[in-house]
Amino acid sequence: MKKQVSASVINRLPRYFRYLGELMNSGVERISSKELSKKMGVTASQIRQDLNCFGGFGQQGYGYNVEYLYGEIATILGLNSRYKAILVGAGNMGQALAQNTTFEKRGFTLVGIFDTDPEKIGKEIKGIKISDAKDIKEFIDKETPTMAIISTPRTVVNQVVRELTDMGIKAFLNFSYAEISPDDDVVVENIHLSDSLMRLCYKISSKEDNSENTEE
């Protein structure tokens, strides 16, 4: 049984992975928690606590082997598993995701794309033909994908998810602008770009307010 790790630690793991990848590409072989903290904006103590949840990986006074830690975090995140994924909804958002996302570097292989629009069906995105949504069940029975990326209109998303869950899909990456309320045995990551824009708007507004107060 895997050790229970807090959501906040899990949320930081992709950042560690990304920064370590950048360090590797720059030729850095070792790094201390203090040096890593300066790059990430996370305290050295927090970094050590996070990594200690999985065994530590460092030596006092010696730091972390960048390549080794990068590989270990990849394993923790399951990036070497190559789970099969399908994309449901090949509108502007769906096509952009299929075209620009490096799924293979993130633990997934995109194996199918589905839509209901006759004008989209038959077209190809990065070598994958857009199939008719009515053929999803047959495809799932054959290919047994683990995850579905949802980019459908928000009005149908929960119906689509229920149907896919009944077909055996147990994980969803949701870009539909509607919250998915999953069953207990289903995992969901709801992505709201509008929320990120609003948070950014707030940060800009707060920065401007602070600047005005400083000038007074």
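Here are the numbers:
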read-out: Close pairs (9 angstrom Cβ cut-off, 6 or more residues apart or separate chains): surrounded by fewer than 14 Cβ atoms within 10 Å (Cβ to Cβ) in the stretch 113-128, of a type in the set (S, T, N, Q) anywhere; value: GLY122/SER131; LYS126/GLN99
read-out: Pair list, Cβ < 7 Å and 6+ apart or interchain, from the stretch 1-30 residues that are touching a residue at least 40 places away in the same chain (Cβ under 8 Å) to residues that are acidic (Asp, Glu); value: VAL9/ASP50; MET24/GLU67
read-out: Failed condition for ILE86, given (1) over 23 Å from the mean Cα position of the chain (by Cα); (2) under 30 Å from VAL160 (Cα atoms); (3) β-branched (Val, Ile, Thr); value: (1)
read-out: Counted residues, the stretch 80-106 - those being under 22 Å from VAL9 (Cβ atoms) and at pLDDT 85 or above; value: 1
read-out: Selection status of LYS142, charged (D, E, K, R) and modelled with pLDDT under 90; value: no
read-out: Scope the stretch 184-198; condition exposed (fewer than 10 other Cβ atoms within 10 Å of the Cβ) and modelled with pLDDT of 80 or more; matching residues; value: ASP185
read-out: Residue within the stretch 131-149 that is open to solvent by 60 Å² or more (accessible area, probe 1.4 Å), touching a helix residue (DSSP H, G or I) at 6+ places or on another chain (Cβ under 6 Å) and within 25 Å of VAL188 (Cα to Cα) present; value: no
read-out: Residue match in the stretch 37-48 (condition: more than 20 Å from the chain's Cα centre (by Cα), assigned to a loop (DSSP other than H, G, I, E, B) and of a type outside the set (Val, Ile, Thr)); value: yes
read-out: Filter result for ASN80 (without any contact (Cβ under 8 Å) to a residue 12 or more places away in the chain and open to solvent by 20 Å² or more (accessible area, probe 1.4 Å)); value: no
read-out: Number of positions in the stretch 174-195 that are in contact (Cβ under 8 Å) with a residue 40 or more places away in the chain and of a type outside the set (Gly, Ala, Ser); value: 1
read-out: Any pair with Cβ under 7 angstrom, 6 or more apart, that starts in the stretch 134-149 at a residue that is under 14 Å from LEU110 (Cα atoms) and ends at one that is in a helix (DSSP H, G or I); value: ALA148/LEU164; ILE149/LEU97
read-out: Test: residue in the stretch 157-166 that is over 28 Å from SER194 (Cβ atoms) and surrounded by 12 or more Cβ atoms within 10 Å (Cβ to Cβ); value: no
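The values are calculated or read from the model by the stated rules, or taken from the named source; none is laboratory data. These numbers were taken from a predicted model, which means no experiment stands behind them. A quick note on method: Cβ atoms are made from the backbone with ideal geometry, for glycine too, and the neighbour counts reach across all protein chains shown. Ligands, DNA and RNA are excluded from the accessible area calculation, which covers all protein heavy atoms including side chains. Shrake-Rupley method; radii C 1.70, N 1.55, O 1.52, S 1.80 Å.
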